[in-house]
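The values are calculated or read from the model by the stated rules, or taken from the named source; none is laboratory data. Small disclaimer: the values here were computed from a predicted structure and weren't measured. In this analysis, Cβ positions are derived from the backbone assuming ideal geometry, glycine residues included, and neighbour counts consider all displayed protein chains.
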Amino acid sequence: MVEEKTLSSRVLFQGRAVKLRLDTVLTGEGRRTTREVVEHADCIAVVAVDAGDNVLLVNQFRQAVGKSLLEIPAGGIDDGEDAATAVIRETREETGLRPGKVVRLGGFYSAPGYATEYLYLYLATDLVPDPLSAEDTAGIEVVKVPLAQITDLVASGKIEDSKSIAGLLAYLEYRRTRRV
């Protein structure tokens, strides 16, 4: 594996959620080129499953793509907060339910070709009503989907965001290998 060497790095934009930088690199072949990198803090993604074997998805408008998407709950990790605590908080904020049990399923980079964001993937179960309000969750609609319909929703393109597809497929494999 040939790595690139960073020769210089310059911040082009610093926003509330992201930073854009331009890195000048030397490739493994000795060629000098640039890489645009979006820096974003690590986040959590949650496959929340209720006692009836329904997966709780959220339907919300996404400005970047100009439409509503059906997704697994996800969000940022607050300063000083560990990922498992963020899972509980975000699940409460987005679904109104508190998980009694959280299990780490793995993790992944959201878009490693240009972004630094890493998503910690968790399973949340033993859900009980315990809403927590947050200012950015007002337009979220919770959708209960029977587990048996998940692969059809992914295959048909009705679920089209990468974290949801990766998270749901990882959960299905988790169930299969653990005979849940």
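If you go through the range 150-158 one residue at a time, do you hit one that is touching a residue at least 12 places away in the same chain (Cβ under 8 Å), in a helix (DSSP H, G or I) and under 30 Å from T34 (Cα atoms)?
Within the range 150-158, the subset touching a residue at least 12 places away in the same chain (Cβ under 8 Å) is 150-151, 153-154, 158.
Narrowing further to those that are in a helix (DSSP H, G or I): 150-151, 153-154.
In the following step, the residues that additionally are under 30 Å from T34 (Cα atoms) were identified as none.
There is no residue in the range 150-158 that is touching a residue at least 12 places away in the same chain (Cβ under 8 Å), in a helix (DSSP H, G or I) and under 30 Å from T34 (Cα atoms).
In the same structural domain as S133 (by TED's automatic domain parsing) and farther than 16 Å from V142 by Cβ: does that describe K19? Break it down into steps so the answer makes sense when it comes.
Values: in the same structural domain as S133 (by TED's automatic domain parsing): no; farther than 16 Å from V142 by Cβ: yes.
Answer is no for this residue.
Are there any pairs with C-beta distances below 9 angstrom linking a residue in the range 47-59 that is crowded, with 16+ Cβ neighbours inside 10 Å to a residue that is among the acidic types (D, E) and not in a strand (DSSP E or B), with the two at least 6 apart or on different chains, and if so which?
A48/E94; L56/D50; L56/E94; V58/E94
Before we move on, is V142 in a helix (DSSP H, G or I), assigned by TED's automatic domain parsing to the domain that holds R92, among the β-branched types (V, I, T) and over 21 Å from R104 (Cα atoms)? Steps first, please.
On the way: in a helix (DSSP H, G or I): no; assigned by TED's automatic domain parsing to the domain that holds R92: yes; among the β-branched types (V, I, T): yes; over 21 Å from R104 (Cα atoms): yes.
Answer is no for this residue.
Being in contact with a strand residue (DSSP E or B) (Cβ under 7 Å, 6 or more places away or on another chain), charged (D, E, K, R) and in the same structural domain as A48 (by TED's automatic domain parsing) narrows it down to one of D136, D78, D130, D152, so name that one. Walk me through how you get there before you give the answer.
Numbers: D136 fails: in contact with a strand residue (DSSP E or B) (Cβ under 7 Å, 6 or more places away or on another chain); D78 fails: in contact with a strand residue (DSSP E or B) (Cβ under 7 Å, 6 or more places away or on another chain); D152 fails: in contact with a strand residue (DSSP E or B) (Cβ under 7 Å, 6 or more places away or on another chain).
Matching residue, one of D136, D78, D130, D152: D130.
Within the range 69-83, can you find the residues that are surrounded by fewer than 17 Cβ atoms within 10 Å (Cβ to Cβ) and among the small types (G, A, S)?
G76, G80
Considering only strands (runs of 3 or more DSSP E) fully contained in the range 1-57, which possess at least 2 residues that are closer than 19 Å to Y114 by Cβ, at pLDDT 95 or above and of a type in the set (F, W, Y)? Before you say what the answer is, go through the steps one by one.
On the way: elements: 5-14, 18-26, 32-40, 43-49.
Here the list is empty.
For the range 125-163, give me each residue that is at pLDDT 95 or above and more than 20 Å from the chain's Cα centre (by Cα).
Correct list: D126, V128, P129, D130, P146, A148, Q149, D152, S156.
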